[in-house]
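Just below is one structure, and these are the notes that go with it.
The values are calculated or read from the model by the stated rules, or taken from the named source; none is laboratory data. Predicted model only: the values in this text are computed from it and were never measured. Note: ideal-geometry Cβ built from the backbone for every residue, glycine included; neighbour counts use all protein chains shown.
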Amino acid sequence: MLESILITIATAATPLLIAAIGELVVERSGVLNLGVEGMMVMGAVTGFGVTVTTGSPWLGVLAAVLVGAAFSLLFGFLTLTLVTNQVATGLALTLLGLGVSGMIGEAFIGMPGIKLGSIAIPILSDLPYVGRFLFRQDPLFYVSILLVAGVAWFLFYTRAGLTLRSVGDNHDSAHALGISVIAVRYGAVAFGGACAGLAGAYLSLVYTPQWIENMTAGRGWIALALVVFASWRPWRVLAGAYLFGAVSIGQLHAQAIGVSVPSQFLSALPYLATIAVLVLISRNRRLTMVNTPACLGRPFVPAR
Amino acid sequence: MATTGAGVDRKREGKAGGLLTVRGLTKIFGTLKACDGIDLSIGRGEIHALLGENGAGKSTFVKMLFGALEPASGEILWKGERVSISSPGAARHLGIGMVFQHFSLFEALTAAENIMLSLDEKTPILKIAERARELSKAYGLPLDPFAHVGDLSVGERQRIEIIRCLLQKPDLIILDEPTSVLTPQEADKLFETLETLRDEGKSILYISHRLEEVKRLCDRATVLRHGKVVAHCDPRKETATSLARMMVGDEVQAVKRAAGGSGGEVLLEVAGLARPAANPFAVPLRDIRLAVRSGEVLGIAGVAGNGQGELFEALSGEVLQESAASLRIRGKDAGRLSISGRRLLGAAFVPEERLGHGAVPQMRLSENLLLSRHVTDGRALVGPLWTVRGGALAKAAARIAAAMDVRKGGDDPEAAALSGGNLQKFIIGRELDRQPSVLVVNQPTWGVDAGAAARIRQALIDLARSGSAVLVISQDLDELFEISDAIAVMHDGRLSAPLPIAEATFEKIGLLMGGAEPGHHAGAPLETA
């Protein structure tokens, strides 16, 4: 019983986690991309479409990652090269993604999908209680955990990560040091887009292997809230994603045992939790200063 | 003696083995020639001063040397070869290092991480920390490599900048107004470091408008005015007065000060004002007490970041006090009053930042005038149904501009369109126009040209002599000595007892700025902590 609950929580948490860890890198570089929902839904439709066309879910995953990255580079071109407003451009990207995915997905509605199979790690997967949860999962579950570890290591233990954080903290100083602010940000934005695309593919290839219009259902927004909730720290994103995942699964189980909590309240919980965390971290200025990218959302135009 | 114009001192250049030669460097912003055909040469092992008033083009010039700005024309020769410096990275690669005036550090990162970012090679962070520690010891600049920059004082931040620069082993180090944030004692320490570096054969381009330190430290000097080179000279053979004349021309008139009036009634009184630090980088105010009498100018000196900003906020009402009695304006308790409430008691305030704090950059001068005076002059400026009396407002704005000699482009331009000095004159004039009985000013002439500064200082003295109480917070000691009747010093959130101007010397004030006499309260009641 506990193990199956854990597994359902993991399915709910993984797409949030993948999308959020990508957005965390974007925001650490000082760019606010509100288009996560749009990139995610594009990933979902591409992943599904390529999978049913070619019969290979792996090709679907690859295509979703590439489309997510390409979609985010459109955002990058507009905000970084043409210096448009990041908030407005991000919102436009979400609307564009929902629209375009609906159009492409028209043909796929009602088609049966192919589920990405799970991979069992020998011996470990037979461990009692946690074996199935930790070691007999879909491949993207493992990818999500590796992504968190990789991002945490990259940001805080590599020189490139230091460069990325410096760009997010003070882009003028970074420029004065000879760091190419725009190039770093393009890289971060593309990574964020690739992650969002992957998260979308998870939805249409693992979570519910079919295409439904708007199937992201606000998960992109929860991922954005998660980044703030985690105060821009990778491992806290992991904790937050599983917490939010547990809340949405808890909603189903609560209904099953007859406790009636309005579902609207439960779906609002992640946002309420984010607001609570925002209030808490704003009180601690030191914490905010060290973790919040000071240049978040600020356009960079070098003086020549 | 000074060689004027383009005549570069070639003999010296040859002997010293010319490290850097600049010919005809020009930079144009819009219609303004920020740098106009600048010639300069620096030899090896030379400390070369670049002198000039604020806005003379010094910063623009060095930004071109450091690759942060692109010159419109002219050429740069580095070690005899013509180079184009397209980016700060290229400048560092050549061997040019720079310590910025406004620090270019990353506050969220540690000192070692900041240093690591500016080094090209791939060295592990622990090794960098070790090297930074060694260098800091060798040059007497103590430093903790693992401290977050946001937690450090300005003096410590400057050390990081210098050590970061030294680790790149540059041949030429550019220092942009390095002493503007240091106490005289910290500055002495810096000079020793610079002299050591010169003896090791490094060249230094030292930008300053402080003449005494240039005379003491520098081998040669280039003087800029309005973007042009007005002289190359040996500062040791010049007097401070002759250097000042080269820098500012003949536009400056000395400020006239009548004998200080004292013994008037106390108009501004602060007693036991305390304020906890609002954030980890703010300074808490500790038991501040002061009194300014009618007819008096009280100056508050101190190194930047010792609580002056916090004190100003507390006095102006941007932050309210715990107890109403801790601040009294004209005998009335004002500690719990809002900014408007304090203004209605006859007080006026001029904050440090002109744009964004003292004035809204995108609003016209008349609109900015209305913003600060709609309560105190409500009847004159606002008509029935809260409509603005445009005519009265325009008249008032014109009156202020005329009184303070504000030079502006149009009839009623946006605040951001004015030069710093002219906007500052307008903002101070806006408050003076009310004839306030108490005026509190923070950094009245920061970044203002000499002519405007003299005008502002004179206006402050005249206001005091007409019977008002004036409190001036400034980092410019020369200014405070010029206008104050007494000077008190802020250090670490505490205020010293005021020294009457007759007893004050640079040395005494400098010691207080460095915190040499903590809790020095000669005239005030003893602290009961």
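What the table below lists for this structure:
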item: Options B:77, B:20, B:51, B:105; residue that is at pLDDT 90 or above and buried (at least 22 other Cβ atoms within 10 Å of the Cβ); result: B:20
item: Scan of region A:34-53 for residues that are among the β-branched types (Val, Ile, Thr) and surrounded by fewer than 24 Cβ atoms within 10 Å (Cβ to Cβ), ordered by number; result: A:50, A:52, A:53
item: Output for region A:197-223, where each listed residue is outside any helix (DSSP H, G or I) and either hydroxyl-bearing (Ser, Thr, Tyr) or without any contact (Cβ under 8 Å) to a residue 60 or more places away in the chain (or both); result: A:208, A:216, A:217
item: Lone unmet requirement of (1) within 14 Å of another protein chain (Cβ to nearest Cβ); (2) in a helix (DSSP H, G or I) for residue A:143; result: (1)
item: Within region B:464-498, tally of residues that are without any contact (Cβ under 8 Å) to a residue 40 or more places away in the chain and crowded, with 24+ Cβ neighbours inside 10 Å; result: 1
item: Residues of region B:286-303 classified as within 22 Å of the chain's Cα centre (by Cα) and farther than 12 Å from residue B:489 by Cβ, total; result: 1
item: Matching residues, region A:28-61, being part of a helix (DSSP H, G or I) and small (Gly, Ala, Ser); result: A:38, A:43, A:44, A:47, A:49, A:60
item: Whichever residue in region B:92-111 is of a type in the set (A, V, I, L, M) and facing chain A (nearest Cβ under 10 Å) and, among such residues, is nearest to residue A:289 (Cα to Cα); result: B:108
item: In region A:270-304, the residues that are without any contact (Cβ under 8 Å) to a residue 24 or more places away in the chain and more than 14 Å from chain B (Cβ to nearest Cβ); result: A:272, A:275, A:276, A:279, A:280
item: Residue check, residue B:45 in contact (Cβ under 8 Å) with a residue 60 or more places away in the chain, closer than 20 Å to residue B:207 by Cα and surrounded by fewer than 22 Cβ atoms within 10 Å (Cβ to Cβ); result: yes
item: Qualifying residue in region A:117-125 (condition: in a loop (DSSP other than H, G, I, E, B), hydrophobic (A, V, I, L, M, F, W, C) and more than 14 Å from chain B (Cβ to nearest Cβ)); result: yes
item: Any pair with Cβ under 8 angstrom, 6 or more apart, that starts in region A:132-149 at a residue that is of a type in the set (S, T, N, Q) and ends at one that is assigned to a helix (DSSP H, G or I); result: A:137/A:7; A:137/A:10; A:144/A:14; A:144/A:17; A:144/A:18; A:144/A:21
item: Residue match in region B:114-132 (condition: closer than 30 Å to residue B:227 by Cα and among the hydrophobic types (A, V, I, L, M, F, W, C)); result: no
item: Top-ranked residue in region B:466-488 [being touching a Gly at 6+ places or on another chain (Cβ under 6 Å) and part of a strand (DSSP E or B); ranked as nearest to residue B:268 (Cα to Cα)]; result: B:472
item: Residue match in region A:229-251 (condition: more than 18 Å from the chain's Cα centre (by Cα) and within 14 Å of chain B (Cβ to nearest Cβ)); result: no
item: Residue identified as under 30 Å from residue A:110 (Cα atoms), at pLDDT below 95 and away from chain B (no Cβ under 14 Å) among A:207, A:202; result: A:207
item: Which listed residue is under 23 Å from the mean Cα position of the chain (by Cα), surrounded by 20 or more Cβ atoms within 10 Å (Cβ to Cβ) and either assigned by TED's automatic domain parsing to the domain that holds residue B:76 or among the basic types (Lys, Arg) (or both), from B:159, B:164; result: B:159
item: In region A:14-33, the residues that are under 24 Å from residue A:246 (Cα atoms) and surrounded by fewer than 24 Cβ atoms within 10 Å (Cβ to Cβ); result: none
item: Residue in region A:171-188 that is farthest from the other protein chains (Cβ to nearest Cβ), counting only those that are free of Cβ contacts under 8 Å to residues at least 12 places away in the same chain and part of a loop (DSSP other than H, G, I, E, B); result: A:180
item: Test: residue A:224 is under 13 Å from the mean Cα position of the chain (by Cα) and within 19 Å of residue A:276 (Cα to Cα); result: yes
item: Selection status of residue B:244, within 23 Å of residue B:56 (Cα to Cα), free of Cβ contacts under 8 Å to residues at least 60 places away in the same chain and among the small types (Gly, Ala, Ser); result: yes
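Conditions (1) small (Gly, Ala, Ser); (2) away from chain A (no Cβ under 12 Å); (3) surrounded by fewer than 20 Cβ atoms within 10 Å (Cβ to Cβ); (4) closer than 28 Å to residue B:29 by Cβ, marked per residue:
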{"residue": "B:82", "(1), (2), (3), (4)": "no, yes, yes, yes"}
{"residue": "B:90", "(1), (2), (3), (4)": "yes, no, yes, yes"}
{"residue": "B:113", "(1), (2), (3), (4)": "no, no, no, no"}
{"residue": "B:116", "(1), (2), (3), (4)": "no, no, no, no"}
{"residue": "B:131", "(1), (2), (3), (4)": "no, yes, yes, no"}
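For (1) in the same structural domain as residue B:308 (by TED's automatic domain parsing); (2) closer than 27 Å to residue B:314 by Cα, each residue gets a yes or a no:
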| position | (1), (2) |
| --- | --- |
| B:353 | yes, yes |
| B:365 | no, yes |
| B:369 | no, yes |
| B:375 | no, yes |
| B:387 | no, no |
| B:393 | no, no |
| B:403 | no, no |
| B:408 | no, no |
| B:411 | no, no |
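Each row is one residue, and each column tells you yes or no for (1) surrounded by 17 or more Cβ atoms within 10 Å (Cβ to Cβ); (2) on the phi > 0 side of the Ramachandran plot; (3) not hydrophobic (A, V, I, L, M, F, W, C).
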{"site": "A:258", "(1), (2), (3)": "no, yes, yes"}
{"site": "A:262", "(1), (2), (3)": "no, no, yes"}
{"site": "A:265", "(1), (2), (3)": "no, no, no"}
{"site": "A:274", "(1), (2), (3)": "yes, no, yes"}
{"site": "A:277", "(1), (2), (3)": "yes, no, no"}
{"site": "A:282", "(1), (2), (3)": "no, no, yes"}
{"site": "A:294", "(1), (2), (3)": "no, no, no"}
